[in-house]
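Participant: Provided herewith is a single structure, encoded as structure tokens, for subsequent inquiry.
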Amino acid sequence: MMSREDNSAHVSALEIVEERFPDEVTRVQHLFNIDETFRSMCEDLAAAVETLAHVDRLPDSVREARRQEYADLVEALVSEIRDAIRRSNVVVLRRPVNQPKS
């Protein structure tokens, strides 16, 4: 069972990816729910984005190197996620509601 903390981490990872791919929200949600590798990439992206957001807290001696390192990581993960979305051939099938049986 997923703890509340795990669930909120998943939600923020999903939200971060949805923000970056607003035209692919349905596909992103589907992949996030069914593909552990995709979900892991999203969680890695969320962690990298959060770390990048707090890089100013680091000592001056390492700040710019870490900023560049995490900016590059974010860029690479966004590219990987974009490729995964493109490779996916998700077709959402919906059954008609209240269709009488033949």
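No lab work stands behind these numbers, since they all come straight from the coordinates. These figures come from a predicted structure and were not determined experimentally. No Cβ is skipped: glycine too gets one built from the backbone with ideal geometry, and neighbour counts run over all protein chains shown.
Participant: Could you give the length gained on full extension between Arg95 and Glu80, defined as 0.36 nm per residue of separation minus the Cα-Cα distance, in nm?
Facilitator: Contour length minus Cα-Cα distance gives 2.2 nm.
Participant: I would also like to ask the following. Using a cut-off of 15 Å between beta-carbons, work out the net charge of the residues near Arg67 (Lys and Arg +1, Asp and Glu -1, Arg67 not included).
Facilitator: -4
Participant: What do you get for Rg/Rh of segment 4-87 when both radii come from the Cα atoms and Rh is the Kirkwood radius?
Facilitator: Radius of gyration over Kirkwood radius for segment 4-87 works out to 1.02.
Participant: Give me Arg63, Arg27, Arg87 ranked fewest to most by other Cβ atoms within 10 Å of their Cβ, as a rough exposure proxy.
Facilitator: Ordered by Cβ neighbours within 10 Å, fewest first: Arg87, Arg63, Arg27.
Participant: For Thr37 and Ala65, FRET efficiency with R0 = 35 Å and r from the beta-carbon atoms, rounded to 0.05?
Facilitator: Plugging the Cβ-Cβ distance into 1/(1 + (r/R0)^6) gives 0.75.
Participant: Right, here's the next one. What's the FRET efficiency of Arg57 with Glu19 using the Cβ-Cβ distance as r and R₀ = 30 Å, to the nearest 0.05?
Facilitator: That pair, Arg57 with Glu19, gives E of 0.80.
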